[in-house]
Amino acid sequence: MPPIVRFAPSPTGYLHIGSARTALFNWLYARHTGGKCLLRIEDTDRKRSTQPAINAIVKGLEWLGLDWDDEPVFQFARLQRHTEVAYDLVKRGLAYKCYCSPEELEEMREKARAEKRPMKYDGTWRDREPADAPVGLDPVIRFKAPQTGETTINDMVQGVVTVANEQLDDMILLRADGTPTYMLSVVVDDHDMDITHIIRGDDHLNNAFRQYHLFKAMDWEVPEYAHIPLIHGEDGAKLSKRHGALGVEAYEEMGYLPEAMRNYLARLGWGHGDDEIFTTDQAIEWFDVANIGKSPARFDFAKLNNLNGHYIREANDQRLVDLIKPRLEKLGQVISPTDEAILLKGMPGLKQRAKTMVELADSAAFYIMPLPLPMDEKAQKLLDDTGLQAVALMQAALTGLENGQWTEESLEAIAREVAETNDIKLGKIAQPMRAALTGSNISPSIFEIMSVLGREQTLQRLDQWCK
Ligand code: GLU
């Protein structure tokens, strides 16, 4: 039977970059194996789960280009089913009602602290007669975890991991108010959704041992586990905001393309030989859980930027124009159809240098800015007396060039001619021209710029420096 995997975010915030990678790995696995990738929204924490967070997660997945099969499952809607399973376990003597008061539990906690061991429920109600139950008190339902022996999981990433059962707690399945815990809901849902492989962060590895026994108690098949190491920062420390522990939407805002993110996130903990740049189809073809590394991957912005630069260069020009338009508008630009045509014409040159869409928009702005252009300091310096002279010479020469001859080649020929006639180095012409045309000292070639701007706009810009 083809595998069925799931991505199971808790909608308490944006789609965090680590969760996005988990989603990607599940998706790649499903698409590679011809199985299914399901989406389960784990919204049982009613206080912290919000509709905006659900929307942000869905939007984040869609932006990344990850789709899912079937309708999403909302965990909270399945509460009844989770409760039934808990009572079924009680009926079969595999779970029990516990009436410990908060004070008693605090005492156990204190004792554990004093003995410097993790808190473990001491089993007070494990084997007590139901008749002992105090009146008027709502119990919690606890799972009867095995107390002796050990549990071994053969994790597809972590390998064979064994835990002594005495470490396993009689975890709570239903709270005193009757609501199911994450531990119960997750197992029931994974079973009911026929999940065959659980691919998730290794912060859930401890949970796997607890969940394993619940599957067993219900006589359900235990899925395969693949616990992926978490993402760390460049310095090896746990990923924090400073390292890039942000929501996916922040990456969109910072100007990363979804295909670059997919490629980068896929490489973050998984690899196919030395391949750094690959298409999503290749990732689907190559993906294998066995090639997920055991040690934490490090998030590296420089690598991401390089990849993003690659995908920007590969991207369709019109798409890039569409993507920078809202950014330029935010900077206060009004974009007319003529501006758009100029941006499109300039895009092949512009996209060679940009590492992010923010850079691309910034570098494109000069093409459509109203005159006079703002000048940066270096541009200003280039337009000293000598610079202005060169601009004036070029302006005079260019006026003689007709619209129909306005090509990069003839523009370059004119500049060479001006340089030669006046015994000036070409660079001494190009740099002040660049400053006058763009307001900056960095840009694509001035011949390209003049050709993109067209005769009228070019001469208008030069005229400003020739009075
Ligand atoms: N909802 C859990 C989380 O967001 C994931 C649970 C799981 O994958 O088993 O961390």
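Run the dipole for segment 66-144 about the Cα centre, Lys and Arg Cβ at +1, Asp and Glu Cβ at -1, nothing else charged, and hand back the magnitude in debye, nearest 20.
Dipole of segment 66-144, to the nearest 20 debye: 420 debye.
Counting Lys and Arg as +1 and Asp and Glu as -1, each charge on the Cβ, what is the dipole of segment 324-363 about the Cα centre in debye, to the nearest 20?
160 debye
Kindly state, to the nearest 0.05, the FRET efficiency for Cys466 paired with Asp376, given R0 = 30 Å and r defined as their beta-carbon distance.
Result of the calculation: an efficiency of 0.90.
Kindly provide the Kirkwood hydrodynamic radius of segment 96-250 in Å, to one decimal, from all pairs of distinct alpha carbon atoms. List each step's numbers first, then the result.
Values: mean 1/r = 0.0556 Å⁻¹.
Mean inverse Cα-Cα distance, inverted, gives 18.0 Å.
How about Lys351: which lysines have a C-alpha closer than 19 Å to its C-alpha, ignoring those fewer than 8 places off in the same chain?
Of all the lysines, those that pass the test against Lys351 - Cα under 19 Å, at least 8 places apart if same chain - are Lys303, Lys325.
Within the chain, what's the longest run with no GluC sites (Glu not before Pro) in a DSSP loop and at most 15 other beta-carbon atoms within 10 Å? Give the range, please.
277-401
log₁₀ I(q)/I(0) of segment 1-144 at q = 0.08, 0.17 Å⁻¹, via Debye over equal Cα point scatterers, no solvent, to two decimals?
For segment 1-144, the Cα-only Debye profile gives -0.38, -0.98.
What ³J(HN,Hα) values, in whole Hz, does the Karplus curve 6.51 cos²θ - 1.76 cosθ + 1.60 give for segment 336-351 when θ = phi - 60°, with x put for Gly and Pro?
Result, rounded to whole Hz: 8, x, 5, 4, 4, 5, 5, 4, 5, 5, x, 4, x, x, 4, 6.
With both partners inside the chain, how many of the DSSP beta bridges are antiparallel, as a percent to the nearest 5? Write out the running numbers ahead of the final one.
On the way: 16 of 30 bridges.
Counting DSSP beta bridges with both partners in the chain, the antiparallel share is about 55 percent.
How big is the charge dipole of segment 3-148 about its Cα centre, in debye rounded to the nearest 20, if each Lys and Arg gets +1 on its Cβ and each Asp and Glu gets -1 on its Cβ? It would help to have the intermediate numbers written out before the result.
Working: 24 positive and 21 negative charges, 80 e Å.
Taking the Cα centre of segment 3-148 as origin, the dipole is about 380 debye.
Hand me the trypsin sites (Lys or Arg not before Pro) from segment 35-82 located in a DSSP loop with no more than 13 other Cβ atoms within 10 Å, in residue order please.
Arg46, Lys47, Arg48
What is the set of long-range amide H partners of Phe7 at a cut-off below 5 Å, with H atoms built 1.01 Å from backbone N?
Correct list: Leu38, Leu39, Arg40.
Let me see the P(r) profile for segment 309-400: every Cα-Cα distance counted, bins of 10 Å, each bin given as a percent of all pairs.
Result returned by the calculation: 15, 38, 30, 17, 0.
So who's got an amide H within less than 5 Å of the one on Leu239, skipping anything under 5 residues away but keeping other chains? H placed 1.01 Å off N, in plane.
The answer is Gly233.
In degrees from 0 to 90, rounded to the nearest 10, what is the angle of the helix 408-422 Cα long axis to the longest principal axis of the chain?
50 degrees
Which order do Cys100, Cys466 take when ranked by solvent-accessible area (1.4 Å probe, heavy atoms of all protein chains), largest first? Present the calculation step by step, with values, prior to reporting the outcome.
Working: Cys100 20, Cys466 45 Å².
Most to least solvent-accessible, the answer reads Cys466, Cys100.
Report the local net charge at Asp189: Lys and Arg +1, Asp and Glu -1, summed over other residues whose C-beta lies under 11 Å from its C-beta.
So the environment of Asp189 carries a net charge of 0.
Percent of accessible area on segment 244-316 owned by carbon and sulfur, 1.4 Å probe?
The C+S portion of the solvent-accessible surface of segment 244-316 is 45 percent.
Using a Förster distance of 60 angstrom, determine the FRET efficiency expected from the C-beta separation of Arg313 and Phe76, and round it to 0.05.
E between Arg313 and Phe76, to the nearest 0.05, is 0.85.
Taking 7 Å along the Cα-to-C-beta vector as the label spot, tell me the Thr421-Arg242 distance in nanometres, rounded to one decimal.
5.9 nm
From the alpha carbon gyration tensor of segment 59-102, can you work out the equivalent ellipsoid semi-axes (sqrt of 5 times each eigenvalue) and give them in Å, largest to smallest?
Three semi-axes, in Å: 37, 14, 8.
Taking a probe of 1.4 angstrom, what is the accessible area of Ser10 in Å², to the nearest 10?
Ser10 has an accessible surface of roughly 60 Å² with all protein chains in place.
How long is the gain from Glu84 to Thr399 if the chain were fully straight, where each residue apart is worth 0.36 nm and the alpha carbon distance is subtracted?
Separation in residues times 0.36 nm, less the Cα-Cα distance, equals 104.9 nm.
Determine the per residue accessible area of the chain with all protein chains present and a 1.4 angstrom probe, expressed in square angstrom. Please list the in-between numbers first.
On the way: 22990 Å² over 467 residues.
I get 49 Å² per residue for this part.
Per residue, how much space in cubic angstrom lies within the convex hull of the C-alpha atoms of the chain?
Looking at the chain, the number lands at 195 Å³ per residue.
Could you give the length gained on full extension between Lys97 and Asp300, defined as 0.36 nm per residue of separation minus the Cα-Cα distance, in nm?
Gain in length upon complete extension: 68.1 nm.
Among the aspartates and glutamates, which have Cα under 15 Å from the Cα of Lys47 when same-chain residues fewer than 8 positions away are ignored?
Asp177
Roughly how compact is segment 182-321, stated as its Cα Rg over 2.2 N^0.38 Å to two decimals?
Expressed relative to 2.2 N^0.38 Å, the Cα Rg reads 1.26.
Counting Lys +1, Arg +1, Asp -1, Glu -1, what net charge surrounds Arg126 among other residues with beta carbon under 10 Å of its beta carbon?
0
Checking the table Lys238/Lys294; Lys97/Lys216; Lys36/Lys355 against a 25 Å threshold on Cα-Cα, which pairs fail?
Correct reply: Lys36/Lys355.
On a full-extension model of 0.36 nm per residue, what is the gain between Ser410 and Val160, subtracting their alpha-carbon distance, rounded to one decimal in nm?
Length gained between Ser410 and Val160: 83.0 nm.
Summing +1 for each Lys or Arg and -1 for each Asp or Glu, what net charge is found among the other residues whose Cβ lies under 15 Å from the Cβ of Val73?
Around Val73, the surrounding residues sum to -4.
When the gyration tensor of segment 96-174 is built from Cα positions, what are the square roots of 5 times its three eigenvalues, in whole Å, from largest to smallest?
Details: eigenvalues 157, 54, 21 Å².
The answer is 28, 16, 10 Å, longest axis first.
The values are calculated or read from the model by the stated rules, or taken from the named source; none is laboratory data. Just so it is clear, the structure is predicted and the values come from calculations on it, not from any experiment. Glycine gets a Cβ as well: all are built from the backbone with ideal geometry, and neighbour counts include every protein chain shown. Accessible surface is based on the protein model in full, side chains and every heavy atom, while ligands, DNA and RNA are left aside. Shrake-Rupley method; radii C 1.70, N 1.55, O 1.52, S 1.80 Å.
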